[in-house]
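The values are calculated or read from the model by the stated rules, or taken from the named source; none is laboratory data. Remember, it's a predicted structure, so these values are computed and weren't measured experimentally. Cβ sites come from the backbone with ideal geometry, for glycine too, and all protein chains shown count toward neighbours. Quick note on the areas: whole protein, heavy atoms, side chains included, nothing else; ligands and nucleic acids left out. Shrake-Rupley method; radii C 1.70, N 1.55, O 1.52, S 1.80 Å.
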Amino acid sequence: MAKMLYQLDQRPPAVVTAVAALQWFMITLTSSLVVPLVIGEAFGLGRTETAHFIQATFFFVGAASLVQVMLGHRYPIIEGPAGMWWGIFLIVGNIGAASGMRYREVGQSLEMGLMIAGVILFILGMFGWINRLRRLFTPLVTGCFMTILPFTMSGTFVQGILGINQDGRIDTGVAIVSLCVLLLTIWLTQARWKWFRAFSVLIAVLAGWLAYVLLGWTEPVQLTGKWLSMPSILFWGTPRFDWGIVFISVLTGLILITNLITSIVVAAQAMEVEPDVRTFNRGGQMTGVAHFLSGLGGVVGLVPLSITAGVIEMTGIASRLPFIVASLCVISLGFFPFIGLIFATIPAPVGYAVLFVTFTQLVGFGLRDLQKLKMDQRNVIMAGLSLMIGIGVMFLPARALDGLNPVLANLLGNGLIMGVLVAIFLEQVVYREGGKKEAAQ
């Protein structure tokens, strides 16, 4: 594990703070850019509407990150669109369209669902139930979660790096540039000069972006509206109540407590600190606030991103100050849509290449948690079954679960969630007595 250059409460020199903030800023953008673009295309939004959706996403991502670091868990953990919420938007959108609902009506129902889920999560945190739920997330569970998570994204990342086009073929030019960026990122993370390691992500992103500009592969930025405007509130319109969508939303919010707890645990490990009960409960409350803000803005549900631990691990910078500055800068993009569109020209393959290296750090966190277990027959069976089921679900054919209820299909088709649920079930039900004995040791 890399030695921390700056701890949570330390204030780095102005130059270091500025560059580290810029790096957090770039990572936040690369983690959040793709989602609003994909949702905009799937929901049939025009260029101007998509620009406003991007603008709103940036604003609420920055606001949620700032709320968490100031009032929530108080760790520098990026808030970003949850992969599961991303899937919910697409699945519910397709189901709604098939049943005759307009995409805008689906969006209005998702706004309501997110806000209700946010209120429930806030209440759980307020009454201290988040920490009780934490007891379910033992080294077995968090180890399986952090091991499976990178693999659930690996296919998307590899395809993005190779520039797979609509015909399913590799774009050789894109693949070469992406692999060069990938190798540059690896080299920077291992460089002798500590500042190369600290700002490896930023340097690699800028280098890849510059390469695309020099090759003429970037499209010119066109202003689609005003230079200055307020972020959209209730982007899809007045919220509407739909029992099915509200149920899916609340269930998704509860399941994503896993994401919150694991993100706090692995970030704490990277920073070499120990989170206390209040950290988890405050984090749960502010995750509820983040969900409510997501519904208010009509954007994809926001959660703490586990990728942050990999960034801290690589850079050795855990200070809150650069993160707070970066969050404020991301919020500012919500008022300047043109600036957001400029950063939206960051090529997706470059982002995939840089984040690919960062995600490898998460595999390490997962393996470290699993190493805490005594590898007797009980633990080997639990870990093996959880990992095999979680990873195996990823290889199910796309239409394998079409005949099931949408809620069940979404759960059973999510390898990450299935792996975690199997681990919890095995440890808390099948091997409950053994789990108690081990916890007492």
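Some points to look at:
- Here the condition is being under 27 Å from Leu149 (Cβ atoms), among the charged types (D, E, K, R) and touching a residue at least 24 places away in the same chain (Cβ under 8 Å); of Glu79, Glu105, it holds for Glu79 alone.
- Residue, farthest from the chain's Cα centre (by Cα), within the range 27-49, restricted to residues that are more than 16 Å from Gly93 (Cβ to Cβ) and assigned to a loop (DSSP other than H, G, I, E, B): Gly46
- Filter result (among the acidic types (Asp, Glu) and either touching a Gly at 6+ places or on another chain (Cβ under 6 Å) or at pLDDT 80 or above (or both)) within the range 421-438: Glu427
- Checked against the criterion of being at pLDDT 85 or above and surrounded by 14 or more Cβ atoms within 10 Å (Cβ to Cβ), the candidates Ser178, Ser232 yield just one match: Ser178.
- Failed item, numbered, when Ile331 is tested on (1) more than 18 Å from the chain's Cα centre (by Cα); (2) over 26 Å from Ile186 (Cβ atoms): (1)
- Residue count, the range 191-224 (criterion: outside any helix (DSSP H, G or I) and either surrounded by 11 or more Cβ atoms within 10 Å (Cβ to Cβ) or aliphatic (A, V, I, L, M) (or both)): 7
- The range 356-411, subset among the aromatic types (Phe, Trp, Tyr) and under 26 Å from Ala267 (Cβ atoms), residue farthest from the chain's Cα centre (by Cα): Phe365
- For Phe122, the conditions (1) aromatic (Phe, Trp, Tyr); (2) surrounded by fewer than 24 Cβ atoms within 10 Å (Cβ to Cβ); (3) at pLDDT below 90 are fulfilled apart from (3).
- Flag if Ile77 is at pLDDT 85 or above, of a type in the set (Val, Ile, Thr) and either open to solvent by 10 Å² or more (accessible area, probe 1.4 Å) or over 28 Å from Leu408 (Cβ atoms) (or both): yes
- One residue stands out in the range 388-420 among those that are modelled with pLDDT of 85 or more and within 14 Å of Val141 (Cβ to Cβ): the one that is surrounded by the fewest Cβ atoms within 10 Å (Cβ to Cβ), namely Ile389.
- The number of residues in the range 166-175 that are open to solvent by less than 60 Å² (accessible area, probe 1.4 Å) and in contact with a helix residue (DSSP H, G or I) (Cβ under 6 Å, 6 or more places away or on another chain) comes to 2.
- Matching residues, the range 127-169, being assigned to a loop (DSSP other than H, G, I, E, B) and without any contact (Cβ under 8 Å) to a residue 24 or more places away in the chain: Phe127, Arg135, Ile164, Asn165, Gln166, Asp167, Gly168, Arg169
- Every test in (1) closer than 30 Å to Trp195 by Cβ; (2) open to solvent by 30 Å² or more (accessible area, probe 1.4 Å) is passed by Leu293 save one, and that test is (1).
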